[in-house]
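None of the figures in this text is laboratory data; all of them are computed from the coordinates on show. Please read all numbers here as calculations on a predicted model, not as lab measurements. Ideal geometry is used to build each Cβ from the backbone, glycine not excepted, and the neighbour counts take in all protein chains shown.
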Ligand code: C5P
């Protein structure tokens with residue numbers, strides 16, 4: 001049984017049947033219908049949109065696309081007045097099933113992996129939480145991929161986009177599990193998989209920066225230290241610099257020097273729990289040029305997150321659909337994203353002692369971090385070794401519209417439903433958008449509720465609530 005229990009196999013099969021039932025419902029609708037696609041702005045949302053858009057284009061369907069930061073009542077009211085025949089909600093919508101049902105009599109398909117509280121009968125929901133599938137098993141782009149493949153087997157060439165979405169949603173943990181691993185099999189025609197060090201940015205960044213920014217694996221005296229990373233490389237006495245004295249990219253080093261770096265990292269980590277735990281899978285696109293941000297699926301996913309956070313989702317979609325013209329623009333955005341991220345991290349590091357409330361870190365950034373970057377900052381802080389396992393990170397940043405974007409994360413893997421806790425705290429101050437997953441969720445509240453929200457956080461013993 002390939003290591004699967006009979007029950008696990010059934011839930012997967014049930015989910016695949018649900019996808020095909022929904023595809024059947026969809027293809028019975030009029031082929032000339034005008035379809036509106038609404039999706040999220042993050043990596044999973046952009047990959048989802050790209051897969052469905054390509055699949056619809058191949059069928060000559062008429063459609064338009066809108067990518068949004070989140071779904072809320074205002075958006076649903078606006079959509080309900082628009083002129084289209086079928087609505088596709090990708091990577092969002094599950095939490096608003098009741099409101100959607102109330103507003104739309106036309107067919108609505110929701111392809112989403114976020115949790116939901118209500119399931120009506122009139123909306124076509126394709127969501128893994130309908131079955132006993134875990135969060136890591138499939139992303140929204142994975143669902144979109146299965147939908148596309150069921151629509152037409154030619155869409156199998158889009159499998160790698162589903163993996164990029166899954167990586168963006170942190171579902172790659174030294175490999176893929178569940179339905180994602182089935183999608184990986186389909187993607188193998190397009191991608192190579194190799195075991196190697198889990199260093200992010202090997203295709204594009206100089207090796208000193210790769211090591212300095214390496215939070216997973218954490219490298220003592222090197223992670224977070226520009227001088228430490230340079231000293232580490234110089235001490236190894238390898239050929240790491242080019243003729244101008246600048247550090248090369250890891251992909252430009254010879255094998256022996258790479259081995260020395262790996263050994264050096266393991267030695268530096270000897271006091272860590274698993275010093276040799278630095279290897280992982282490297283997924284690269286076969287026919288993509290070496291050294292671009294699109295070669296390595298992990299870098300591609302960061303690029304999509306970056307374009308989304310700079311309101312350039314259409315650029316992300318063009319990159320996914322292999323539009324070569326878009327590459328220059330994407331390089332500029334990636335640079336802006338990196339400097340924005342560095343500014344946010346620097347601000348965090350200079351102020352971090354003000355944020356600690358026992359097992360809770362409240363990063364109230366106000367105007368110091370962009371609302372579109374606060375989730376990324378909270379994720380990086382949660383993944384770094386800075387706080388104990390189980391610590392809760394809550395990031396808060398002001399938006400242009402006088403709201404506060406909230407992003408919550410948990411350090412390490414513990415079985416805690418942070419989403420329910422955040423929902424409970426937010427619901428006490430009003431009816432505001434809040435949703436996500438057990439370990440990563442977000443909300444949006446008005447600025448004048450800032451103190452009330454923080455008080456709610458502090459009053460709730462988050463770990464025992
Ligand atoms: O925005 P942030 O990155 O903090 O969100 C974490 C997760 O929660 C994402 O998957 C996002 O789609 C989800 N989310 C949601 N509803 C919200 C805010 C975030 O489903 N109102």
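Taking 4 °C and 1.567 mPa s as the conditions, I'd like the Stokes-Einstein D for the range 223-262 in µm²/s, using the Kirkwood hydrodynamic radius from alpha carbon pairs. Could you put the intermediate results ahead of the total?
Values: Rh = 10.6 Å.
The Stokes-Einstein estimate is 122 µm²/s.
Annotation: for a label point projected 7 angstrom from Cα along Cα→Cβ of residue 84, residues of the range 115-156 with backbone N closer than 15 Å are 124.
Which shape class, rounded, prolate or oblate, goes with the range 217-320 when its Cα gyration tensor gives a ≥ b ≥ c as root eigenvalues, a/c under 1.5 marks rounded, and past that a/b bigger than b/c marks prolate? In terms of gyration-tensor shape, prolate. With the convex hull of the Cα atoms taken as the outline of the range 138-186, the averaged projected area works out to 2.8 nm².
Label-to-label distance, residue 153 versus residue 460, with points set 7 angstrom from Cα along the beta-carbon direction: 4.9 nm. Using the rule -39500 (n - 2.57) for each DSSP H run of four or more residues, divided by the residues of the chain, the 222 nm mean residue ellipticity is -13000 deg cm²/dmol.
Sort 88, 61 so that the residue with the fewest other Cβ atoms within 10 Å of its own Cβ comes first and the one with the most comes last. Please report the intermediate quantities before stating the final value.
Values: 88 27, 61 18.
The most exposed by this proxy come first: 61, 88.
By how many degrees, between 0 and 90 and to the nearest 10, does the Cα long axis of helix 226-236 differ from the longest principal axis of the chain? Computed tilt is about 60 degrees. Reducing the range 24-82 and the range 280-307 to their Cα centroids gives an inter-centroid distance of 25 Å. In this rough spin-label picture, where each label sits 7 Å from Cα along the Cβ direction, the residue 236-residue 290 distance is 1.7 nm.
The fewest-to-most ranking of 49, 215, 5 by surrounding Cβ atoms within 10 Å reads 5, 215, 49. With the simple model of a label 7 Å out from the Cα in the direction of the Cβ, residue 134 to residue 21 spans 2.6 nm. The order of 146, 334, going from fewest to most other C-beta atoms within 10 Å of their C-beta, is 334, 146. Nearest 5 is fine: what % of DSSP beta bridges in the chain come out antiparallel, could you say? If we restrict to bridges inside the chain, about 55 percent are antiparallel.
Roughly how far apart, in whole Å, are the Cα centres of the range 169-189 and the range 95-147? Here the two parts' Cα centres lie 21 Å apart.
Here the ratio of the Cα radius of gyration of the range 184-249 to 2.2 N^0.38 Å is 1.33. Take every Cα pair under 8 Å whose residues are at least 6 apart in sequence, average their separation, divide by the length of the chain, and the relative contact order is 11 percent. Once the chain from residue 322 to residue 14 is taken as fully extended at 0.36 nm per residue, the excess over their C-alpha distance is 107.6 nm. Computed from the C-beta positions of residue 64 and residue 252, the FRET efficiency with R₀ = 45 Å rounds to 0.55.
In this structure, residue 174 and residue 259 have a Cβ-Cβ separation that, at R0 = 30 Å, corresponds to a calculated FRET efficiency of about 0.90. Compared with the dominant Cα axis of the chain, that is its longest principal axis, helix 159-168 is turned about 70°.
Relative to the dominant Cα principal axis of the chain, helix 140-151 is inclined by about 50°. With contacts taken as Cα pairs under 8 Å at a separation of at least 6 residues, the range 355-463 carries a relative contact order of 23 percent. When only alpha carbons of the chain are considered, Rg and Dmax amount to 22.3, 69 Å.
On alpha carbon coordinates alone, what is the Rg over Rh value for the range 355-463, Rh being the Kirkwood radius?
0.92
For the range 6-194, pairs of C-alpha atoms spaced more than 31 angstrom apart make up 11 percent of the total. Across the range 6-194, the mean sequence separation of Cα contacts (distance under 8 Å, 6 or more residues apart), normalised by length, yields a relative contact order of 24 percent.
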